[in-house]
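Working notes, structure below.
The values are calculated or read from the model by the stated rules, or taken from the named source; none is laboratory data. What you see is a predicted model; the values in this text were computed from it and never measured. Positions of Cβ are generated from backbone atoms using ideal geometry, with glycine treated the same way; all protein chains shown enter the neighbour counts.
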């Protein structure tokens, strides 16, 4: 018989063991957290560990076929120093705006290995991209006409790939980016007509391939494998109407990281085996095509933490509240207001009391005048007091750039690469 729900153990977060602990204190980039905080000079702050970023790329290289190109989707974290570090490790950068394009170019990334996606590219951004010589993922018939005109004006053929809105969805993805009606890409059934438009543009456009992105934040390898197989089959079918041989095939990403209780880290082994099989097929069926996957949060999410200082310890009708100087204005995702339907806790710790017993249940809140300013709700934590440092793990992706930093006029957080 199954145990009653009240007797079942509650799900726990996956172990947050990528950062070392010494003498009861979290270490970041080889530094004790309290020393790092003193070096930064203020709280709150985000810290990204460059060694963990390097390790993650190495883990992927070991698990995936050597012929596969690995791109960083910098919307996950556009901090210039971090992008510069990753540019030396990955094969390319994927950007989603003219601003991101400037950062990618400044990082030293090869323009031939930069791709530009987004459903609402402005004419000025497209001109930037053509002048830089990057690959532009077409997402509408409008962009074909604009780019053809820009290519003729600049005397440079615009390098283009077609972003396809597939006729399937990535099962179990946290955010579905393709399948059904979507603002992203061109519906698969409309792609042959778009390819004909590219052909009619002549030398103004240089067709290079396809980009398919079915969804993101997936922890089920079998779902990712299925989406990659379907993406490859769809691209192979569409290639029959292409105006030139396919030279690049971007199969997207979707690799997730464990944020919430009960979630486990993604098993790369079946994904790597499947991509090796696809690479073997592509060598025969699309012999000029380079296979690409683009990853954002999977590369950076687990390498970053958000750190806030406890300002006050309050007890309200028996409940402990740790009031900090950080909150939803700086880390919207951890507050549960960025894509969550039901609020769940990110993994949170007292970074200056890592080996102390979790002897009380406490909520970690920020300084804002709203009950939504909640970083941890009734979590088992060590007793903490003013001056202690609260750490929110899994914070390397979609942190400050995805948060309403101007809300209530508090200063922005500092970001450091350690």
Mind checking which residues of the stretch 321-368 are assigned to a strand (DSSP E or B) and more than 15 Å from residue 391 (Cα to Cα)?
-> 321, 360, 361
Inside the stretch 35-56, the number of residues satisfying the requirement of being touching a helix residue (DSSP H, G or I) at 6+ places or on another chain (Cβ under 7 Å) and part of a helix (DSSP H, G or I) is 4
Out of curiosity, is residue 148 buried (at least 17 other Cβ atoms within 10 Å of the Cβ), over 22 Å from the mean Cα position of the chain (by Cα) and over 15 Å from residue 298 (Cβ atoms)?
-> yes
Scan the stretch 236-263 for residues that are under 29 Å from residue 396 (Cα atoms), outside any loop (DSSP other than H, G, I, E, B) and in contact (Cβ under 8 Å) with a residue 60 or more places away in the chain and report the count.
-> 2
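Look through 388, 325, 312, 373 and report the one residue that is modelled with pLDDT of 95 or more, loosely packed, with under 14 Cβ neighbours inside 10 Å and either in the same structural domain as residue 15 (by TED's automatic domain parsing) or more than 17 Å from residue 37 (Cα to Cα) (or both). I'd like the intermediate steps shown before the answer.
Working: 388 fails: loosely packed, with under 14 Cβ neighbours inside 10 Å; 325 fails: loosely packed, with under 14 Cβ neighbours inside 10 Å; 373 fails: loosely packed, with under 14 Cβ neighbours inside 10 Å.
Only one candidate qualifies: 312.
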When (1) within 13 Å of residue 403 (Cβ to Cβ); (2) not in a loop (DSSP other than H, G, I, E, B) are applied to residue 298, the one that fails is (1)
Hey, residue 295 over 29 Å from residue 385 (Cβ atoms) and either crowded, with 19+ Cβ neighbours inside 10 Å or not assigned by TED's automatic domain parsing to the domain that holds residue 368 (or both) or not | yes
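Restricted to the stretch 243-256, and to residues that are farther than 30 Å from residue 14 by Cα and touching a strand residue (DSSP E or B) at 6+ places or on another chain (Cβ under 6 Å), which residue is surrounded by the most Cβ atoms within 10 Å (Cβ to Cβ)? Walk me through it before giving the result.
Restricting attention to the stretch 243-256, the residues satisfying the condition of being farther than 30 Å from residue 14 by Cα are 243-250.
Now drop any that are not touching a strand residue (DSSP E or B) at 6+ places or on another chain (Cβ under 6 Å), which leaves 243-244, 246-250.
Details: 243: 15, 244: 15, 246: 22, 247: 17, 248: 21, 249: 24, 250: 28.
Here the residue is 250.
The rows are residues; the columns are (1) surrounded by fewer than 17 Cβ atoms within 10 Å (Cβ to Cβ); (2) touching a strand residue (DSSP E or B) at 6+ places or on another chain (Cβ under 7 Å); (3) at pLDDT 90 or above.
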position: 174; (1), (2), (3): yes, yes, no
position: 180; (1), (2), (3): yes, no, no
position: 216; (1), (2), (3): no, yes, no
position: 219; (1), (2), (3): no, no, yes
position: 234; (1), (2), (3): no, yes, yes
position: 240; (1), (2), (3): yes, no, yes
position: 266; (1), (2), (3): no, yes, yes
position: 273; (1), (2), (3): yes, no, yes
Determine whether residue 103 is over 15 Å from the mean Cα position of the chain (by Cα), surrounded by 19 or more Cβ atoms within 10 Å (Cβ to Cβ), modelled with pLDDT of 95 or more and not assigned by TED's automatic domain parsing to the domain that holds residue 250.
-> yes
